[in-house]
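The values are calculated or read from the model by the stated rules, or taken from the named source; none is laboratory data. Keep in mind it's a predicted model, so treat the numbers as computed, not measured. In this analysis, Cβ positions are derived from the backbone assuming ideal geometry, glycine residues included, and neighbour counts consider all displayed protein chains.
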């Protein structure tokens, strides 16, 4: 399946870019999130959906991925948690830009055509001291047959 190849490739890239303490592929239960309060946070990569990207002869596929970022702040100042989350989001966004600019083949026979950040939002499961956000990506890939 193309989506797991994409998740593995993105995970490897984010780990190599050293954006967070952990980069994890797969879902989670918000109450189980345990970022280090003195660390850089945790990134989760989650599958969303896939569809054909266009009606051309080239069968490229649009894969939607969620990138969840979480930090922990023990500070009494709520803005400190947001600052920590903003640092993690910046690092992830920069790594995603680098991924799109430099990555051609995400796996054998699977080519990256485009990566687009469609939205970023605060995570509704954020409860102090945890602060999180979700970034939605649309990635267009092509598999050689």
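Restricting segment 11-26 to residues that are touching a strand residue (DSSP E or B) at 6+ places or on another chain (Cβ under 6 Å) and not in a strand (DSSP E or B), which is nearest to residue 106 (Cα to Cα)?
Of segment 11-26, the ones touching a strand residue (DSSP E or B) at 6+ places or on another chain (Cβ under 6 Å) are 11, 14-15, 20, 22-25.
Among the residues that remain, those that are also not in a strand (DSSP E or B) are: 11, 14-15, 20.
Numbers: 11: 11, 14: 13, 15: 15, 20: 21 Å.
The qualifying residue nearest to residue 106 (Cα to Cα) is 11.
State yes or no: is residue 87 part of a loop (DSSP other than H, G, I, E, B), over 18 Å from residue 12 (Cα atoms) and in contact (Cβ under 8 Å) with a residue 24 or more places away in the chain? Give the derivation first.
Details: part of a loop (DSSP other than H, G, I, E, B): no; over 18 Å from residue 12 (Cα atoms): yes; in contact (Cβ under 8 Å) with a residue 24 or more places away in the chain: yes.
The answer is no for residue 87.
Here's the yes/no breakdown for (1) within 30 Å of residue 38 (Cα to Cα); (2) at pLDDT 95 or above; (3) surrounded by 17 or more Cβ atoms within 10 Å (Cβ to Cβ); (4) within 16 Å of the chain's Cα centre (by Cα):
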site: 93; (1), (2), (3), (4): yes, yes, no, yes
site: 115; (1), (2), (3), (4): no, yes, yes, yes
site: 122; (1), (2), (3), (4): yes, no, no, yes
site: 128; (1), (2), (3), (4): yes, no, no, no
site: 132; (1), (2), (3), (4): yes, no, yes, yes
site: 135; (1), (2), (3), (4): yes, yes, yes, yes
site: 139; (1), (2), (3), (4): no, yes, yes, yes
site: 144; (1), (2), (3), (4): no, no, no, no
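Please give the number of the condition residue 97 fails out of (1) modelled with pLDDT of 95 or more; (2) surrounded by 15 or more Cβ atoms within 10 Å (Cβ to Cβ).
Evaluating residue 97 over (1) modelled with pLDDT of 95 or more; (2) surrounded by 15 or more Cβ atoms within 10 Å (Cβ to Cβ) leaves (2) as the failure.
Residue 6 is checked against (1) under 23 Å from residue 130 (Cα atoms); (2) buried (at least 19 other Cβ atoms within 10 Å of the Cβ) and fails just one. What number does that condition carry?
Status for residue 6: all satisfied but (1).
Which of the numbered conditions does residue 45 fail, given that it passes all the others? Conditions: (1) farther than 16 Å from residue 134 by Cα; (2) in contact (Cβ under 8 Å) with a residue 24 or more places away in the chain; (3) touching a helix residue (DSSP H, G or I) at 6+ places or on another chain (Cβ under 9 Å).
All conditions pass for residue 45, except number (1).
Consider residue 45 against the criteria (1) at pLDDT below 95; (2) surrounded by 14 or more Cβ atoms within 10 Å (Cβ to Cβ): it satisfies all of them except one. Which criterion is unmet?
Single failed check for residue 45: (1).
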